[in-house]
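Notes for the one structure printed next.
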Amino acid sequence: MEDHVTPRRVVIIGGGFAGLFAARALRRAPVAVTVVDRRAHHLFQPLLYQCAAGILSEGQIAQPLRAVLRRHRNVSCLLAEATDVDPRAKVVHARRPDGGALELPYDDLIVAVGMRQSYFGHDEFAAHAPGMKTLDDALDIRRRLYRAFEMAETAADPEERRQWLTFALVGGGPTGVELAGQIREIAGHTLDREFRTIDSAQARVLLFEGSDEVLGAFGKQLADRAARTLQHLGVEIHLGTMVTAVDADGLTVKDRSGGSTRFAARTVLWTAGVEAPPIAAALARATGATQDRAGRIAVEPGLTLEGYPNIYVTGDVMSLNRLPGLAEVAMQTGAYAGRAVRHFVEGRKQPKPFKYVDLGSAAYVCRGRAVVKVGRLHLSGLTGWLAWLLIHIAFLTGFRSRLGAVLSWGVTFASSARRERAFTMPDRDAPTASLLETKGSPPPS
């Protein structure tokens, strides 16, 4: 009688860069891989702001996980949210979208859950200042941006019009800088001559940053160049400030002297701070792993947890040698974890301790202007923008995504037109209409 050997089970929590590269590293290994994610798509997060700004569509930055991994015959995808881990029983507990429970047994576990937006203990800010970590966030921001100009067009009161034409961004990292530049380009170029009552170019863009410079991780030289470019665009940069209150009409910030200033702005966007999702805390409790202030989990040099050589933590949620939360770090750590599992299963020598290869950092400032840092090489202006373009084309997932992005960029950069400006608003009349129909109908017999 033929023996049937059950392949080693590998569960990957998260379908972002780290999870995707881990699954790819295991595509030819004699293992059964299960990728579990609360969303059914892989998101190219570095370009979320371009979806929000109307340059790229959702389909150009997000690909169905099943489609991306369809040729990996040993990989299956599950739509569920991991909620807990039992390392003794080697089981991941997950929740389906309808609330149903799942138990996913594993022999090896790769945690690649990424990070979520942090409001530094003020979660009440989220209702008025959305972050930008998910596709839903980007579409919400797109709606808020273009709605603001429409509301300003019909505002009868000049002060209300000024408030709608004021945009405040909290956080001067790459996302804040990129989004601030996009809003100024939308106001000054995309929407010029489209409105009859307002002058869209008069829109104010305020960028608040707690440190002494924007893009601090890029070094003073590139940070200064980015700041000058933003100021030339018309972005008002406020350094050394801390937001203390946010509501539907604006925000209050405190400077280093302790003075508070109120800024009236109907659109506030949060681009500062990240924190680990709840599953990271659950894993830390179950394994005794330590977490930093943002909830990142400390790992061994081989990306495993102390005492649990079969549990790997990768990507943004991993804490090792102060590595930054970059897509390149996620890709490399995910691929490393996948290779380590494959080597173990195949009886090969384990890889050397993980060593990050710095491929650089890039931030788009405006059309034809970007900053790129690769080791000692610093690029800015048009040269930096061309380097940024090549980097993002290379890493976009799927041929159609690359081709579509290139075509969209070509249209936008040549004409300032943005083809993905459609947004929806809640149909406030629907419940009223339904109620009127009910009141007007005869009573049931």
Q.
For the range 146-174, which positions are aliphatic (A, V, I, L, M), touching a residue at least 24 places away in the same chain (Cβ under 8 Å) and open to solvent by 30 Å² or more (accessible area, probe 1.4 Å)?
A. MET151
(Q) Test of understanding: among ARG38, ARG24, which residue is basic (Lys, Arg), farther than 28 Å from ILE141 by Cβ and touching a residue at least 12 places away in the same chain (Cβ under 8 Å)? (A) ARG24
Q.
Which pairs turn up if I take residues in the range 94-113 that are assigned to a loop (DSSP other than H, G, I, E, B) and look for partners that are among the small types (Gly, Ala, Ser) and surrounded by fewer than 19 Cβ atoms within 10 Å (Cβ to Cβ) with beta carbon separation below 8 Å, at least 6 apart in sequence or on another chain?
A. none
Q: Please list, ordered by first then second residue, the pairs with beta carbon atoms under 6 Å, 6 or more apart or interchain, first in the range 42-69 and open to solvent by less than 20 Å² (accessible area, probe 1.4 Å), second aromatic (Phe, Trp, Tyr) and not in a helix (DSSP H, G or I).
A: ILE61/PHE44
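Looking at LYS349, LYS355, which one is over 23 Å from GLY219 (Cα atoms), without any contact (Cβ under 8 Å) to a residue 24 or more places away in the chain and not in a strand (DSSP E or B)?
Details: LYS355 fails: over 23 Å from GLY219 (Cα atoms).
Selected residue: LYS349, the only one of LYS349, LYS355 that is over 23 Å from GLY219 (Cα atoms), without any contact (Cβ under 8 Å) to a residue 24 or more places away in the chain and not in a strand (DSSP E or B).
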Q: With a cut-off of at least 1 residues that are under 20 Å from HIS122 (Cβ atoms), name the strands (runs of 3 or more DSSP E) lying wholly within the range 243-326.
A: 250-255, 260-264, 267-270
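Considering only residues of the range 77-123 that are β-branched (Val, Ile, Thr) and touching a helix residue (DSSP H, G or I) at 6+ places or on another chain (Cβ under 6 Å), which is farthest from VAL274 (Cα to Cα)? Let's see the steps before the verdict.
Initially, the range 77-123 is screened for residues β-branched (Val, Ile, Thr), giving 83, 85, 91-92, 110-111, 113.
Retained after the next criterion (residues that are touching a helix residue (DSSP H, G or I) at 6+ places or on another chain (Cβ under 6 Å)): 85, 110, 113.
On the way: VAL85: 22, ILE110: 21, VAL113: 13 Å.
Among those that are β-branched (Val, Ile, Thr) and touching a helix residue (DSSP H, G or I) at 6+ places or on another chain (Cβ under 6 Å), it is VAL85.
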Q | So LEU109, is it of a type in the set (A, V, I, L, M), under 28 Å from VAL31 (Cα atoms), crowded, with 17+ Cβ neighbours inside 10 Å and over 24 Å from the mean Cα position of the chain (by Cα) | A | no
Q: Consider LYS133 carefully, then state whether it is touching a residue at least 24 places away in the same chain (Cβ under 8 Å) and surrounded by fewer than 21 Cβ atoms within 10 Å (Cβ to Cβ).
A: yes
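Return the total of residues in the range 12-53 being in a loop (DSSP other than H, G, I, E, B) and within 16 Å of the chain's Cα centre (by Cα).
So the count comes out to 7.
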**Q.** The listed residue being open to solvent by 10 Å² or more (accessible area, probe 1.4 Å), in contact with a Cys (Cβ under 9 Å, 6 or more places away or on another chain), of a type outside the set (Ser, Thr, Tyr) and part of a helix (DSSP H, G or I), out of ARG143, ARG184
**A.** ARG184
Q: Taking ALA394 as the residue in question, decide whether it is crowded, with 18+ Cβ neighbours inside 10 Å, out of contact with any strand residue (DSSP E or B) (no Cβ under 7 Å at 6 or more places or on another chain), at pLDDT below 90 and not in a strand (DSSP E or B).
A: no
(Q) What pairs come out if I take residues in the range 361-383 that are closer than 13 Å to ALA223 by Cβ and outside any strand (DSSP E or B) and pair them with residues that are modelled with pLDDT of 90 or more and open to solvent by 40 Å² or more (accessible area, probe 1.4 Å) whose C-beta lies under 7 Å away, six or more apart or interchain? (A) SER380/ARG225
(Q) I'm told VAL365 meets every condition in (1) loosely packed, with under 15 Cβ neighbours inside 10 Å; (2) within 20 Å of PHE44 (Cβ to Cβ) except one. Can you identify the failing condition by its number? (A) (1)
(Q) Would you confirm whether or not the range 374-381 contains a residue that is over 22 Å from GLY176 (Cβ atoms), at pLDDT 95 or above and open to solvent by 30 Å² or more (accessible area, probe 1.4 Å)? (A) no
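The values are calculated or read from the model by the stated rules, or taken from the named source; none is laboratory data. Note that the coordinates shown come from a computational prediction; the quantities given were computed from them, not determined experimentally. Cβ sites come from the backbone with ideal geometry, for glycine too, and all protein chains shown count toward neighbours. These accessible areas exclude ligands, DNA and RNA; they are computed on the full protein's heavy atoms, side chains included. Shrake-Rupley method; radii C 1.70, N 1.55, O 1.52, S 1.80 Å.
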